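Chemist: Can you read through this structure? Questions will come right after.
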Amino acid sequence: MPEKRTLAIVGATGAVSREALAILDAAPEDDPLAQLDVRLLGSPRSAGQTLTCRGRDISVELFTPDSFAGVDFAVFAAGGAVSRDMAPAAAEAGCVVIDNSSAFRMDESTPLVVPEINADLLTDVAIGRGSILANPNCSTILAAVALYPIARALGIERAVISTYQAVSGAGGPAMRELLAQTKAVLEGESARGRIFKEPCAFNLFSHDSAIDPESGRNVEEEKMLREIDKIFASADEPVVPPRLSCTCVRVPVLRAHSESINLTLRRAAGERELREVLAVAPGVRLRDDRANNDFPTPRKAEGGDEVLVGRLRPDPSQDEGRGYDLFLSGDQLRKGAALNALQIARRLLERG
Ligand SMILES: NC(=O)c1ccc[n+]([C@@H]2O[C@H](COP(=O)([O-])OP(=O)(O)OC[C@H]3O[C@@H](n4cnc5c(N)ncnc54)[C@H](OP(=O)(O)O)[C@@H]3O)[C@@H](O)[C@H]2O)c1
């Protein structure tokens, strides 16, 4: 009988944590995730609330520096400040920390893990021996899952990425803001918000992260550029990262991000070859039915584990076979956060 392992979720009542609970709840019995003892940790605001997982009511415990005794995995989903403060203590206590925030992503010693791409980074990680692993940014994970197999097979010289990001990327309160504003506008009132400076209902706007006055890029765009570099360079089969340009935009969608991507391949390839690469790419599902105008949408991606890729077509402005456009949608609360974290835990559990 394998040893029973404990997983703690920090920030248990948030959007990412609730998704993690939903994944654990739905895990089939033969999934090692189904065997985990789950503990929920939260701030004084949510301590005492009860959430349900696998038929068990679990009370949210107040999160303190002593919370990690006997905990094997800690999924941090309570924001960067909490991670910076507490993840080192959790690792010190012997936990494998899987952090959803950006606090440690670019630290040289912190693996930035997308299991489909660089699972070999987990070779040096062991249950019971404290460590901190980082989940990439949500838009970055979705782009990386779709682009890495293309980069490995054909090489990508450059890519231009435009995102259409759901409000849930800014957490549970942002989802409630979109719903409340939508209702207000439909009732003839003005859309007032607390999370976003711009109205989010019936609107779209440049991503709400800070803009660097020199480069003109916002933090979300910067994350995409730097994290893709780090992930591709640390891949099990490393590839030369593409030169990237990115525009991140928030759209009035509750969950699941979408991205329009324009590529320049390093070597010319036919559309069929590109389709063949994507058809077998782990974590990707081609949804590209031109006859029925059936392509990826956030609604189709919502609740799913795969990144939906479609609208694949040659870019007529580039040399034949070198330029392509595609469009993707993926549930960023799942593959962009909770699912990616639990896939990492699953790999470590399977290894024993
Ligand atoms: N949403 C996404 O799509 C996404 C994707 C990738 C990564 N992430 C990252 O994942 C993290 C969580 O995001 P989220 O969207 O789930 O945010 P969220 O919905 O706002 O949830 C944050 C959670 O953290 C809790 N919390 C706040 N301060 C705490 C403290 N001191 N101790 C313990 N718990 C505390 C909050 O509980 P109270 O309400 O009780 O304060 C809430 O349950 C963030 O770092 C975010 O950047 C999010």
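Chemist: For region 206-347, what class follows from the C-alpha gyration tensor (a ≥ b ≥ c being the square roots of its eigenvalues): rounded when a/c is under 1.5, otherwise prolate if a/b is larger than b/c, else oblate?
Modeler: On the way: a/c = 1.28, a/b = 1.12, b/c = 1.15.
Rounded shape, in that the Cα axes give a/c under 1.5.
Chemist: Now, a different point. May I have the count of lysine pairs in the chain with C-alpha atoms under 30 Å apart, counting pairs 8 or more residues apart or located on different chains?
Modeler: Taking the Cα cut-off of 30 Å, the pair count is 12.
Chemist: How large is the Rg to Rh ratio of region 299-352 when both quantities use alpha carbon positions and Rh follows Kirkwood? Present the calculation step by step, with values, prior to reporting the outcome.
Modeler: Values: Rg = 16.4 Å, Rh = 13.4 Å.
Ratio of gyration radius to Kirkwood radius: 1.22.
Chemist: Another question about this same structure. Radius of gyration and Dmax for region 107-154's Cα atoms, expressed in Å?
Modeler: 12.3, 40
Chemist: What net charge is computed for the residues neighbouring A279, neighbours being all others with C-beta under 13 Å from the C-beta of A279, Lys and Arg scored +1, Asp and Glu -1?
Modeler: Summing Lys and Arg as +1 and Asp and Glu as -1 gives -1.
Chemist: Is the shape of region 96-234 rounded, prolate or oblate, going by the alpha carbon gyration tensor and its root eigenvalues a ≥ b ≥ c, with a/c under 1.5 for rounded and a/b larger than b/c for prolate?
Modeler: Details: a/c = 2.42, a/b = 1.76, b/c = 1.37.
Note, shape of region 96-234 comes out prolate.
Chemist: Rounded to whole Å and ordered largest first, report the semi-axes of the equivalent ellipsoid of region 268-340 derived from its Cα gyration tensor (root of 5λ).
Modeler: The equivalent ellipsoid of region 268-340 has semi-axes of 24, 13, 11 Å.
Chemist: Taking the alpha-carbon centroid of each part, what is the distance from region 181-239 to region 23-72 in angstrom?
Modeler: With region 181-239 and region 23-72 each reduced to a Cα centre, they are spaced 30 Å.
Chemist: May I ask you to list the trypsin sites (Lys or Arg not before Pro) in region 134-235 that are in a DSSP loop and have at most 12 other Cβ atoms within 10 Å of their Cβ?
Modeler: Numbers: sites: R152, R158, R176, K183, R192, R194, K197, R217, K223, R226, K230; in loops: R192, R194, K197, R217.
When the trypsin sites (Lys or Arg not before Pro) of region 134-235 are filtered for loop state and at most 12 Cβ neighbours within 10 Å, R192, R194, K197 remain.
Chemist: Name the residues of region 156-199 whose amide N is less than 15 Å from a point 7 angstrom out from the Cα of R45 along the C-beta direction?
Modeler: 170-177, 194-196
Chemist: A follow-up question, please. Quick one: Debye curve from the C-alpha atoms of region 193-273, no solvent, what's log10 I(q)/I(0) at q = 0.17, 0.24 Å⁻¹?
Modeler: Relative scattering, expressed as log10 I(q)/I(0), comes to -0.88, -1.23.
Chemist: Please give me the summed charge of the neighbours of A22: other residues whose Cβ is under 15 Å from its Cβ, Lys and Arg +1, Asp and Glu -1. Can you show the working numbers first?
Modeler: On the way: positive: R18, R54, R56, R255, R334, K335; negative: E19, D25, D31, E302, D305, D331.
Within the 15 Å Cβ shell, the charges total 0.
Chemist: Moving to a separate point now. For M224, M86, give me the order by solvent-accessible area with a 1.4 Å probe, most accessible first, ignoring ligands, DNA and RNA.
Modeler: Details: M224 0, M86 30 Å².
The ordering from most to least exposed comes out as M86, M224.
Chemist: How much of the calculated P(r) for the chain lies past 25 Å, in percent of all Cα pairs?
Modeler: Every Cα pair in the chain considered, those over 25 Å come to 53 percent.
Chemist: Where both residues lie in the chain, what percent of DSSP beta bridges are antiparallel, nearest 5?
Modeler: Working: 29 of 61 bridges.
Among the beta bridges of the chain, antiparallel pairing accounts for roughly 50 percent.
Chemist: Still on this structure, please answer the following. Restricting attention to region 276-343, which GluC sites (Glu not before Pro) occupy a DSSP loop and are surrounded by at most 15 other Cβ atoms within 10 Å?
Modeler: Numbers: sites: E276, E302, E306, E320; in loops: E302, E306, E320.
Here the sparse-neighbourhood loop sites are E320.
Chemist: Please report the relative contact order for region 283-352, taking Cα pairs under 8 Å with a sequence separation of at least 6, and give it as a percent rounded to a whole number.
Modeler: The value is 28 percent.
Chemist: Counting only DSSP beta bridges with both residues in region 46-186, what percent are antiparallel, rounded to the nearest 5? Provide the component values of the computation, followed by the final result.
Modeler: Details: 4 of 13 bridges.
In region 46-186, DSSP labels about 30 percent of beta bridges as antiparallel.
The values are calculated or read from the model by the stated rules, or taken from the named source; none is laboratory data. Computed from a predicted model, the values in this text were never measured in an experiment. Glycine also receives a Cβ, built like all others from the backbone with ideal geometry; neighbour counts cover every protein chain displayed. When the accessible area is computed, the model is the full protein with side chains, heavy atoms only, and any ligands, DNA or RNA have been set aside. Shrake-Rupley method; radii C 1.70, N 1.55, O 1.52, S 1.80 Å.
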